[in-house]
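Following: one structure in structure tokens, then a few remarks.
The values are calculated or read from the model by the stated rules, or taken from the named source; none is laboratory data. Small disclaimer: the values here were computed from a predicted structure and weren't measured. Quick reminder, even Gly has a Cβ in these numbers, built from the backbone with ideal geometry, and neighbours come from all protein chains shown. Calculation scope for accessible area: heavy atoms of the full protein, side chains included, ligands and nucleic acids excluded. Shrake-Rupley method; radii C 1.70, N 1.55, O 1.52, S 1.80 Å.
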Amino acid sequence: MTFKKISCIALLGVLALTSCAKTPDNVKNENDSSSNINEKISEMGLDVTSLEQMSENVDDYVKSINEFELDNMKFSENLEIDIPTSISTGKYIIPDKYQDNYAKIFSYYDEDFEESKAIDDGTTYPTGPTYSNEEKNLRLSIGCDGFFFYSKDFDDQKYYNESEYVKFYTAAEAKNCDEKYMLVDSSSEISVSEAVDIAQEFADDFVKAADYPNEFVVSRVMLSETEDGYFYEFDCTQKINSANILEYGASYDGSLENLIGTSCFGYICGEEISNFVIDCGYNEYEIEGEATETVDLVDATEYLSQNLAGRMNLEVERIALDYCMMYTENVQDAEEGESHREDIAPWATYCSYDVYDAQVCWVYYFDETPGAEVFAMVSCDDMSINYVDNRGA
């Protein structure tokens, strides 16, 4: 089973700004008694603005933020900002018994599905059946926690272990990239932007066919090669309603060991998807309500720079209001059976009944190189800051 693991952390020094930007003039701040922003933030004198207003005026925010002149941050000429119009606050839980959907899902991907070939020996986690059609070189698997695996004409050893990484593209770069490559199993060259379309279409189709609780959006594309030629790998971030879940985590510092990134990825070796994997899904558990406003992006950006160490020379490629999933507990009642977390799979990154506090953060992405991501999170609850550097020592 394939798991993508997460990242590293560093934290703060202090530096003042050399120049300030301001909230776009056509955006009305709403810092009043009706705001559901944390009281501490209001006391800090930070503006609160509706998500709808910020979302509708993204271009103005890009312009305002690019006016900053900071000693520790600069902003890409192609800066992207992603702001949902509303975002639910509260806790989410990893599902159980998602494998009960196996017949419907397996039948969708194989019209010749045979029930007898769906095998669950109970020895693996997440629990659930695997299926193969050798004539079609098709393999499928599904797990209790929302795990899903699809493989068609795909050599795991060759592509997972015997390939070399060439380069990567952020989602923004990939969508508009007309570079073309002859893939291992393609009859003609396929561009990076076409790979995005292939991946997104497959992900959307899966969500619809499988009644999956969350959606997916392509977040980056990697070009790699084997001795036989090129192939694309892609990552997706999960979405809950209109908000993305942060897909990276931090593995070099125990202070953020509970920050769990989501994992969904796939491979394109020809004209269609060759491999597609989802590690888990999320269902609503204890939802507190819907946030329609938060600390203004300009103020959050200024605050971040003031609290990062000076002379860091960071370049912000994109900014997003994301869910940052913080593991809190596993709520399965051990008296009713074995606990997934303690008895069945204590080693697993994702387990059924795991509960996550979905912390809403402004996330500043400095570098999204696979395995070497650098980003900062500004909590919209208490303005705490975490700086994550996955490049290691």
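When the chain is described by a simple charge dipole with +1 on each Lys and Arg Cβ and -1 on each Asp and Glu Cβ, the residue from A345, Q359, N313 located farthest towards its positive end is N313. Entry note, the chain: the mean residue ellipticity at 222 nm calculated from DSSP H runs of n ≥ 4, each adding -39500 (n - 2.57), is -4500 deg cm²/dmol after division by the residues and rounding to the nearest 500. Taking the 1.4 Å solvent-accessible surface of the range 163-226 as the whole, the part contributed by carbon and sulfur is 43%. Think of the chain as a dipole: +1 on every Lys or Arg Cβ, -1 on every Asp or Glu Cβ, centred on the Cα centre; then among P213, I245, M73, M73 lies furthest on the positive end. Couplings 3J(HN,Hα) of the range 168-181, computed from phi: 9, 10, 5, 4, 4, 5, 5, 4, 10, 9, 9, 4, 10, 9 Hz, in residue order, whole Hz [Karplus 6.51 cos²θ - 1.76 cosθ + 1.60, θ = phi - 60°; x for Gly and Pro]. Applying a threshold of 29 Å to the alpha-carbon distances of K117/K175; K97/K158; K117/K208 flags K117/K175; K97/K158 as lying beyond it. Taking θ as phi - 60° and the Karplus parameters 6.51, -1.76 and 1.60, the scalar couplings of the range 310-323 work out to x, 6, 7, 6, 8, 10, 7, 8, 7, 10, 9, 8, 10, 7 Hz in sequence order, x denoting glycine and proline.
Solvent-accessible surface (1.4 Å probe) assigned to K136 amounts to roughly 60 Å². Overall, the range 245-393 carries a charge dipole of about 760 debye about its Cα centre when +1 sits on the Cβ of Lys and Arg and -1 on the Cβ of Asp and Glu, all other atoms neutral.
Straight-line cross-link reach from K40 at under 18 Å between alpha-carbon atoms covers these aspartates and glutamates, not counting any fewer than eight positions away in the same chain: E30, D32, E293, D296, D299, E302, D381, D382. Shown in residue order for the range 353-367 are the 3J(HN,Hα) couplings computed by the Karplus curve 6.51 cos²θ - 1.76 cosθ + 1.60 at θ = phi - 60°: 6, 5, 10, 10, 7, 7, 7, 7, 9, 7, 10, 9, 9, 9, 8 Hz (x for Gly and Pro).
Annotation: per residue accessible area for the chain equals 45 Å², rounded to a whole number [probe 1.4 Å, protein chains only].
Between the listed residues G266, F276, S255, the Cα displaced farthest toward the positive end of the dipole of the range 203-341, a dipole computed from Cβ unit charges relative to the Cα centre, is found at S255. Amide H contacts of F75: V316, each under 5 Å away and 5 or more positions distant or on a separate chain (H built 1.01 Å from N in the peptide plane; Pro and chain starts excluded).
Of all DSSP beta bridges confined to the chain, the antiparallel ones make up roughly 90%. In a reduced charge model with +1 at each Lys and Arg Cβ and -1 at each Asp and Glu Cβ, the range 37-95 shows a dipole moment near 360 debye about its Cα centre.
With a 1.4 Å probe and all protein chains left in place, how much of the accessible area of the range 236-393 comes from carbon and sulfur atoms, in whole percent? Taking all protein chains in place, the range 236-393 shows 39 percent carbon and sulfur surface. The magnitude of the dipole of the chain, with charges of +1 and -1 set on the Cβ of Lys/Arg and Asp/Glu and taken from the Cα centre, is near 760 debye.
Between Y230 and V184, the built amide H atoms are under 5 Å apart, and every one of these is 5 or more places off in sequence or on another chain. Summarising the strand pairing of the range 209-348, around 95 percent of its internal DSSP beta bridges are antiparallel.
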